[in-house]
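The values are calculated or read from the model by the stated rules, or taken from the named source; none is laboratory data. Remember, predicted model here, so these are calculated numbers, not experimental data. Neighbour counts are summed over all protein chains in view; Cβ atoms, including those assigned to glycine, are modelled from backbone coordinates with ideal geometry.
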Amino acid sequence: MIRGSLILLTAATVFYAALPARAAEPVDPVMRRWKQSDQCIADATKQVPDHNEAALRKRDALVDQCFKAHGLPPRAGIAPAEPPASTPAPNTGAGTAPGTTPN
């Protein structure tokens, strides 16, 4: 009886001692990705330190290239979005004489 309890207690101790090690394993790949992501951003910032629009676009391209090289997911850039191409407003013919076409 005592021998069985001792074996059970030893097995439970070994099992519970191994649990924290298993729980910490999934965190390591996530932390590696965050660290690599931060490194890509830091390297791009060192290469292109300016904060004008052209530099931000170049920096975004460098970060995207680094992310792709390391298998990281893409991210939204920090450069302002390009404004959509302006299209001329359609001429509704307001102000023209009836029966004439606008120029």
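Among the candidates ALA24, ALA79, ALA55, the residue that is modelled with pLDDT under 60 and out of contact with any Cys (no Cβ under 8 Å at 6 or more places or on another chain) is uniquely ALA24. Can you confirm whether CYS40 is surrounded by 11 or more Cβ atoms within 10 Å (Cβ to Cβ), modelled with pLDDT of 85 or more and touching a His at 6+ places or on another chain (Cβ under 8 Å)? So CYS40 fits the description; yes. Screening the candidates THR96, THR10 for the property of being among the polar types (S, T, N, Q) and either surrounded by 12 or more Cβ atoms within 10 Å (Cβ to Cβ) or at pLDDT below 60 (or both) yields one hit, THR96.
In the set (1) farther than 30 Å from GLU82 by Cβ; (2) at pLDDT 90 or above, the condition left unmet by ALA18 is number (2).
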